[in-house]
Structures are given as C-alpha cells and as structure tokens.
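Take this structure first; my questions come after.
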Amino acid sequence: MGRKLPLAKSQAPRTACAPGLLRTGVVEKSGEVLAPAALTERVSWAADLVSGMATALLAEHWNAVDVDVLASGQDADGRSLPSHAWMALRRLGWITGPPHGVRVNDRIVRMAQEQSGRTLRSAKWRADLIAAVLRTWPGAPGKRTAQEWDAMRAAVADGQLLPSNVVKSRTRQITTFARKNHRVPVDVFELEPPPRMARTLLLSACDGQQATIERTDSPGHAILRLQLPTRPDPSSHRDWVWVACPVLLPPTVPDSAVLHLPTLRIHQGRVRVDLAYTHAVPKAARSGHTIALGVDWGLNTLLSAGAARLCDDGRITAPGAGAQFRAAGVLAKQHRLRRLSEHLHAKADRYRQLACGDETHPLAAKLAALSHEIGQVSSRRSNLNSALSWAAARWAVDQAVAAGASVIYIEDLRSMEASGMGRTMNTRFSQQVRGQIVDRLRHLAAEAGIAVVTVPARGTSRRCPQCLTPLRHRKAPDRPTVAGWKWAVCPDFECGWQGDRDQGAWRRIAARGLTHQARTVLVGSRRTMAIRSVVDSLDVRAVITPATATGQINRNDRSKTGPTRRRTTRPAPRRRRAPSPTGLTGPAGQRPEGHAHTDRIRPLRAAHRNQDVNAISTPALSHRPRGAALGAGFHLHAHATPPKWADPVPDDPPGRGFSMLTRDASRPL
C-alpha cells in the first residue's frame, strides 16, 4: 500500500512483521458468516491456484540462462527491470496462466509471478556459489588447505564474510552427486531440482482490486478485505466474492504504524497472517559512540557481555564487571534432540532402501510413522531454537539499554569454523543458533535506536584486553599449572590481568569496535553494519585502561557514623524445644505442618550450579539439574545476569595473584 510515514530528522522507518490469525470472515454480498473451517477451505483453494501457476512458471525458467537474465537487471532493449518481481517477469515476457477452464483475475496471476520471480532471483546466489566451488575444487574435498580456502573465497563476491559451514555443506552436496553419477554437476540447476512452491498468498503483489486492509475504530483491530473463490475450480468471475476478515493486531504493532497487505498461509488447518507494518524508530548512527556493549559468544555460556566507555582523552574504560547469559540446560536439550533426529533420519533411510519405493511393503507403514515422528522432532528443535534466540537477544538489548550504550559490537564468526576440539564439540559449536540471535538482536535493537555492528573475531580471546600481551590459558584459577582454555592469565607482571576467557573477549570486542567505529560500513542488501577489517594502528589503541590508572576505584567508607544496632543475646532456636500437642490422628510429638525439617539437605536447583562469572574447577560430583528431572522447561535452564549497572564492581589492582570475584552472577551487580 502506498502510504507515506511521516518522519523526523532523528527518526528512521522500520518495517517489521507480526504474526496473526484469521478466525472468521463475512461475505459482503450475502452477509454469510464463514466458519473457520470454511474460511480455511476458501483460502486453500486460492493458494492451490497460485502455487500451481508458480510451480509451472518456475520449472520453465529453472536454467542458468534465464536466471542470469533476470539477475542482470536489464531486458533485451537495455532498459532496467522493475524492482517488483512480477513486473520484471512481465517485462521479459515470462507469463503464466491458470489451468484450462479456470477463471482468475489478473491479481492472482501477479501473486504467482511474484512468488516464482523471487525464487529465481534468490537462485542466482546459489548458482554463483556452486560455480565458484566447482572452479576451485580441492584435491581433498573433505579437508581444504589454507591456499584452497583463499582461492575459493576470492572466487565468490564477499567471500571473506561467507560462513565456512555453507561452503562445506555445498561441497558435501557436490560429492554426493558425483558419487551417484560418477561426475560432478555442471551447475546448481543440475544439482538441484526446482524448489517446491509454498501454498501462500502474497497479497503485497496486489492492489485494491484484490485486497485491502484498514484499521477500525477499535484500537488493535483491523479489517482485511480480499476476494476468495467459492469453489476449487472457479469458471467465471461470479465464483469470486469479497470476504471481510477481522484481524486482531498484536500488541507489538504501534497505533501509529502503517499496515501493509499481509501474506496468508495455511498451517495446521488454520489461516496464518504474516502482517507487515512500518513505524518510526530512533535512527541508529554508524559512528560517534562513547558507550558500547561488547558481546562474545561461548558454548555453555552462550553470551558474555559488558559495557565499555570511550573517554574524552581517548582512553577506554570498563565501568562494570560484565554479565553472562548461560543456557547449558537448553543447549543440552538441543543436542539431545539433534542426536535423536540423526538417529531417526538414519533409520528412515534404511527403511526406504528396504522398501524400494513399494507402497505395499510391510515397512511402508513404519516409514510413514517414522516420517511423522521426524517432523515432530524438527518442530521441537525449531521452537526451542526460536525461544532461545529471542531470550538471548532480548537479554543483550536490555543490557545495552541499562548501560546507556548506543551501539552493540558483536564478534563475527561466519568466516571461522570449529575445529580441533573433537567431533562432538565441533558439532555442538556449529549447531548453535548464532545467526538467529544476531537477526533477533538487530530486530530488537532497532526499536531502541541502538546500532548492531559485527567486528572481526580474530585475536579477541588470544590477547590481554589491557596490554595486548598474548594470554596464557589455564583450566581454572585454582589450578594455575594445568593447561586449559577457560581461564586467561596475562604473563606481564605489570599488568596482572586475569579472568574468564569470555570476559576478556568482550572487553577486546568493545574496545576494537570503539576504535574502529569510523570504518563501519553498510553491507549487503539488508544494509547491516559491519567492521570488515582490522587496522593495526587502530587496534593498538583498543585496550581497556584499568580502574587503578583512572582513579575509578570506589571503596565504601566503613568508618562508624552512628550507634551500633542492638543485637539480641538470645538467638532463635533451630527447632522447637518442646513437642507440639498430640493430634487426633497423628503420632505424639509431631511438629506443626509447614515447619521445615532441619536434617534435610535442600536439593540444588539448576540456577545454583557452578556457573559464575569466574571459572572454577570441575566439581567432583556430576550435576543433574532438578528442573530436568521434574520437566520444568525452558526458563529453569536459561540463567541471565540482571541488567543492573548502578554499582559496578571495579577490577582488582594488579599484583594480587589469582584473585577471584566472589559475587554471584545470578545476583544483581
């Protein structure tokens, strides 16, 4: 919808998407009220028509020549193609239509062309990637050398920012094709068949002759009007009627937001609405930041974050001790579901080999049940990853808001891969939902006008945040002679810094971002902010000045300022001195109901495990979270430090050996 959003100079437009549900509809001509099942059926008929036309159009142009023509952005006469996919396809003469005897309006054809055009445009990136992998095919596909990695990244646009796991997955895909066909594929169009088109209605490709959306007088409500068929094979325009559907807007949609035509899809027998809206948010700046939040990735400690301040004289200080978002229990469940999914897929593949495509085979029923179970496990994994990513992103944004930071610097791990820690640990590192967390982080930070900038991760955990001396990594602070990776110690005696490896990393990330903020650029079509390279002259200044050098140590004055509070000389008894009166049914001497037993050890909850800011030695007894046994769910296994920075804990002065902060990370700072 062509609506203009009024903006101030300090504001920027932000387009987001909110989920919704169509529960009922009213046929405007007859006044008939459609039940949820009837509305779902009519939307499904329209989606089938669109999906069928889009599938036929995509299969016709699924080749390298047509994809290159569409991606070039010019037609045969040299004119620029429109940005809308359906308009570009019509300019090129790529048309489609409904089956014989079916009558649809032009807007239904537009949705099919828009859906197939978007798919063809997205295939260009995959085609270029597969072509680059084939041109730089390594001698050993399972393990590339450093020179082969450099050659492959040089053959792809923005190859330095390409995740390594994407290249490895494409390499395995080509290897599987070569094993079956005894040759490598020519391009991605031989390697992959045309993708299946989703049964959706892209109403954004239409105008007021097909669908409209307007707010009602009641706040939080809107009316979606659209044309739907009255039969699965409409033969004339009389078989299309206008239906008005009330839409309940989620509370995340502001009252001043401009609503756009949504996308309708069928999910679990209901009509789901993906409602796009645009509203004004504070404009995020690329540079000029004085307070930044540095975020470092971890394994069980998923995120470690802290604030850094750029002073007027150019020094960088850390006003707080940092915080952590620990999700060991959630990640453990995630890995259990991953192993279960791998087992079910292997079993299904074996059944499929034994059945040989015979639907009457005795294993066909078991294969169908196994496929349903695989879908259920995949849904559980997706829901768990989504909940974890939203929780971690919200926590990081809350930390930035509480610290007054205007930018979040997070390390970019796309060009790095997990290796050297064993097959299990490498898989656990690679399966983390870092991409989802960054997307959610950008989404939530935009509401507060906070910029999210990715920073190169090279060397952030290897050097001291205060003097850039290479750190010595130990297993724990109470085991200084045992080599490890969790605890970091600076060998420079004059510096004396030591701490958790992740706590030192977020300091380095924040300091590197503040010194390189003038080199922040916009990357890709999404215009995301990133610092793409590190300059040595700037990185030398990316150090955290200790609190002793700035005079920021604020020790509480413990001198007496008033009379001492009177303390009772009679302590409270641990238990009753005399038994309670005998009840009618209970034994003599029974204590009243509700009195806690003094001889019972309270079981440890999952939040009380050894997950402090500082690393310690591995406990002798294995830990079993109480929440896992009782089925407490997600929130008992995700522990976050509250975002309170009012009274920061200063760093210890140097020269005190292996000092440990005694503060509990689960309590406020």
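The values are calculated or read from the model by the stated rules, or taken from the named source; none is laboratory data. Only a predicted model underlies this, so the values are computations on that prediction, with no experimental measurement involved. Methodologically, a virtual Cβ is constructed for each residue, glycine included, from the backbone with ideal geometry; neighbour enumeration extends over all protein chains shown. For accessibility, only protein heavy atoms count, side chains too; no ligands or nucleic acids. Shrake-Rupley method; radii C 1.70, N 1.55, O 1.52, S 1.80 Å.
Starting from the Cα-Cα distance between residue 215 and residue 481, subtract it from 0.36 nm times their residue separation and give me the gain in nm to one decimal. Mind dumping the intermediate values first?
On the way: separation 266, 0.36 × 266 = 95.76 nm, distance 6.75 nm.
Separation in residues times 0.36 nm, less the Cα-Cα distance, equals 89.0 nm.
Also, I was wondering about something else. For 372, 182, 84, give the ranking by accessible area with the largest first, probe 1.4 Å.
Details: 372 115, 182 165, 84 95 Å².
From most exposed to least exposed: 182, 372, 84.
Right, something else. 5 Å is the cut-off here: which amide hydrogens, built 1.01 Å from N in the peptide plane, fall below it relative to residue 11, excluding neighbours closer than 5 in sequence?
283
Give, in nm to one decimal, the length gained when the segment between residue 359 and residue 169 is fully stretched (0.36 nm per residue of separation minus the Cα-Cα distance).
Working: separation 190, 0.36 × 190 = 68.40 nm, distance 3.17 nm.
Extra length available between residue 359 and residue 169 comes to 65.2 nm.
Can you tell me the relative contact order of the stretch 1-111? Whole percent, Cα pairs under 8 Å, sequence separation 6 or more.
Working: 59 pairs, mean separation 19.3, N = 111.
Relative contact order of the stretch 1-111: 17 percent.
Pop out the carbon and sulfur fraction of the accessible area of the stretch 79-147 as a percent, whole number, probe 1.4 Å. Please report the intermediate quantities before stating the final value.
Numbers: 1870 of 3470 Å².
Solvent-exposed carbon and sulfur of the stretch 79-147 make up 54 percent of the total.
In nanometres, what is the gap between the two model label sites at residue 207 and residue 283, each 7 Å from Cα along Cα-to-Cβ?
3.3 nm
From largest accessible area down, sort 325, 177, 493; use a 1.4 Å probe on the protein chains.
Numbers: 325 10, 177 30, 493 170 Å².
The residues order as 493, 177, 325, largest area first.
Something else now. How much accessible surface does residue 390 have with a 1.4 Å probe, in Å² rounded to 10?
Taking all protein chains as shown, residue 390 has close to 100 Å².
Also, I was wondering about something else. For the stretch 1-114, what does the accessible surface come to per residue with a 1.4 Å probe? Please give it in Å². Mind dumping the intermediate values first?
Values: 6030 Å² over 114 residues.
Using a 1.4 Å probe on heavy atoms only, each residue of the stretch 1-114 averages 53 Å².
Students often forget the sequence filter, so: which lysines lie under 19 Å Cα-Cα from residue 347 once same-chain residues fewer than 8 apart are removed?
Result set, ordered by chain and number: 366.
Moving on to the next point. Could you list which residues have their amide H under 5 Å from that of residue 486, counting only those 5 or more apart in sequence or on another chain, with H placed in the peptide plane?
474
Something else now. Kindly report, to the nearest 10 Å², the accessible surface of residue 87 as traced by a 1.4 Å probe over protein heavy atoms only.
70 Å²
Run the accessible area of the stretch 197-342 with a 1.4 Å probe and give the carbon-and-sulfur part as a rounded percent.
50 percent
Now, a different point. Taking a probe of 1.4 Å, how large is the accessible area per residue of the stretch 122-216, in Å²?
Details: 5120 Å² over 95 residues.
That works out to 54 Å² per residue.
So what is the relative contact order of the stretch 195-345, in percent, for Cα pairs below 8 Å that sit 6 or more residues apart?
Values: 203 pairs, mean separation 21.5, N = 151.
Computed value for the stretch 195-345: 14 percent relative contact order.
Leaving ligands, DNA and RNA out of it, work out the accessible area of residue 17 with a 1.4 Å probe and give it in Å² to the nearest 10.
80 Å²
A follow-up question, please. Run the accessible area of the stretch 472-553 with a 1.4 Å probe and give the carbon-and-sulfur part as a rounded percent. Don't skip to the answer; put the middle values down first.
Details: 1950 of 3890 Å².
That fraction is 50 percent.
Pop out the ³J(HN,Hα) list for the stretch 25-36 in order, Karplus 6.51 cos²θ - 1.76 cosθ + 1.60 with θ = phi - 60°, rounded to Hz; leave Gly and Pro as x.
So the J values, rounded to whole Hz, are x, 10, 6, 5, 6, 9, x, 5, 8, 8, 6, x.
Just the number please: accessible area per residue for the stretch 435-475, 1.4 Å probe, all protein chains included, in Å². List each step's numbers first, then the result.
Details: 1600 Å² over 41 residues.
Value returned for the stretch 435-475: 39 Å² of accessible area per residue.
What FRET efficiency comes out for the pair residue 383/residue 312, r = Cβ-Cβ distance, R0 = 56 Å, nearest 0.05? Provide the component values of the computation, followed by the final result.
Details: r = 48 Å, r/R0 = 0.86.
Here the calculated transfer efficiency is 0.70.
Roughly how compact is the stretch 1-142, stated as its Cα Rg over 2.2 N^0.38 Å to two decimals?
On the way: Rg = 20.8 Å, N = 142, 2.2 N^0.38 = 14.5 Å.
So the Cα radius of gyration is 1.43 times the expected 2.2 N^0.38 Å.
Can I ask one more? Could you sort 164, 235 by accessible area so the largest value comes first, with the probe set to 1.4 Å? Spell out each step's value before the answer.
Numbers: 164 5, 235 60 Å².
Per-residue accessible area, sorted high to low, gives 235, 164.
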